[in-house]
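Working notes, beginning with the structure itself.
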Amino acid sequence: MNQPENVIEIRNLSKVYRDFWGRKKVQALKSLSLEVRKGEIFGLLGPNGSGKTTTMKLLLGLLFPTGGDVSIFGEPASNVEKNERIGYLPEESYLYRFLNAEETLDFYGRLFNMPANVRKKRCDELIQQVGIQHARKRQLKEYSKGMTRRIGLAQALINDPDLVLLDEPTSGLDPIGTRDMKDMILKLRDQGKTVVMCSHLLADVQDVCDRIAILYGGELKVIGRVEELLKSKEQEQILTSTLSDEALNEVKAVLKKHNADFISADRPTSTLEDLFLKTVQISQAQPGKRFVAEGDDKGESPLDEEKTAEQPTAENKASN
């Protein structure tokens with residue numbers, strides 16, 4: 001099979017920030033080399049000061065490298081014309097506070113010389129896509145942080161870009177807004193777009209990224225597919241239906257026979273995000289519904305309710 005086309009190619013990239021007198025102040029990147037393939041979601045991770053934002057600015061041509069090469073769509077990053085195919089959501093969206101959502105998107109559409117009829121259609125599509133139909137006429141100064149992130153994403157997509165750069169896209173969002181943002185990012189990949197995102201929220205990256213790179217001190221430390229990097233090489237996990245004590249003892253005996261240590265056996269669990277979202281969904285459908293009383297660890301869970309709803313009861317079977 002042919003290898004996927006590389007949208008971004010970085011070779012031995014370095015960036016040194018200097019003070020007023022030209023003395024070396026900070027080396028933000030050291031010999032960074034990586035590739036981003038067409039149609040994938042690529043996560044750029046690292047603690048503060050690891051070089052993530054510097055890398056983003058170098059890709060956009062806002063900074064010039066001290067050494068190495070950066071190419072996007074086969075062209076040097078310094079070629080500003082390539083930015084017509086890029087959408088960028090910065091960590092802080094600097095938008096005009098006295099414009100509403102429609103006026104904001106129309107303004108950015110004009111910057112790309114889009115015809116009026118195309119701008120109007122694109123604005124309507126994006127407002128619907130990011131879920132701010134109810135606030136399309138409100139000035140942005142009245143928007144919450146979450147709504148500002150949504151209109152910021154719409155602004156980044158106004159030119160229907162092939163490459164989307166997202167810097168902390170879920171910053172300031174509540175769990176529902178975070179889930180919506182992650183769903184929108186996955187839809188961008190389904191549309192054939194390439195996405196590069198920076199985030200400190202590792203669960204978000206794990207949910208949406210195909211590959212990740214971890215930077216530390218300006219150097220590339222880890223790169224690869226998420227599922228491969230997270231897969232343990234020292235342990236094996238076996239999932240079965242509920243076992244009796246006798247069966248569990250037999251399993252332990254087999255493991256001992258093959259010189260394998262029995263570490264633990266437990267029932268699988270879901271995630272806090274699943275629990276939270278399911279609780280909200282059921283609470284919206286059944287106002288006043290309560291699951292677990294305070295201090296009661298044997299109460300009902302909304303995840304249990306979901307499983308129960310999928311299984312026909314004895315009465316339903318009889319009626320059928």
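What follows draws every value from the coordinates through simple rules; no lab data is involved. Note that the structure is a prediction, hence the values are computed from the model and not measured. Cβ sites come from the backbone with ideal geometry, for glycine too, and all protein chains shown count toward neighbours.
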* **Rounded to 5, percent antiparallel among DSSP beta bridges of the chain** => 60
* Residue by residue, what Karplus-based ³J(HN,Hα) values in Hz, rounded to whole numbers, does region 18-32 have, using 6.51, -1.76 and 1.60 with θ = phi - 60° and x for Gly and Pro? -> 10, 7, 4, 8, x, 7, 4, 9, 9, 9, 6, 9, 10, 6, 7
* To do: Could you work out the local net charge near THR54, counting Lys and Arg as +1, Asp and Glu as -1, over the other residues with Cβ closer than 12 Å to its Cβ?
  => +3
* Counting other Cβ atoms within 10 Å, which GluC sites (Glu not before Pro) in region 172-278 have at most 10 and lie in a DSSP loop? -> GLU234, GLU236
* **At most 15 other Cβ within 10 Å, DSSP loop - trypsin sites (Lys or Arg not before Pro), region 76-165** => ARG97, LYS137, ARG138
* If you add up the charges near LEU157, with Lys and Arg at +1 and Asp and Glu at -1, over every other residue whose beta carbon is less than 10 angstrom from its beta carbon, what do you get? -> 0
* To do: Return a whole-number percent for the relative contact order of region 6-230, with Cα pairs under 8 Å and 6 or more residues apart as the contact set.
  => 28
* Structure fact -> the chain: longest segment with zero exposed chymotrypsin sites (Phe, Trp or Tyr not before Pro), where exposed means DSSP loop plus at most 11 other C-beta atoms within 10 Å, is residues 99-320
* For the chain, give the magnitude of the charge dipole about the Cα centre (Cβ charges: +1 Lys/Arg, -1 Asp/Glu; no others), in debye to the nearest 20. => 1420
* Sparse-neighbour loop sites [GluC sites (Glu not before Pro); region 1-86; at most 16 other C-beta within 10 Å; DSSP] -> GLU5
* **Distance in nm between pseudo-label sites at ALA203 and LYS257 (7 Å out along the Cβ direction from Cα)** => 4.2
* FRET efficiency estimate (nearest 0.05) - Cβ-Cβ, ASN117 to GLU91, R0 35 angstrom -> 0.55
* Given (i) 23.0, 96; (ii) 24.8, 86; (iii) 21.3, 65 as candidate values of Rg and Dmax of the Cα atoms in Å, which corresponds to the one derived from the coordinates? -> (ii)
* To do: Add +1 for every Lys or Arg and -1 for every Asp or Glu among the other residues with Cβ under 12 Å from the Cβ of HIS200, and state the total.
  => -3
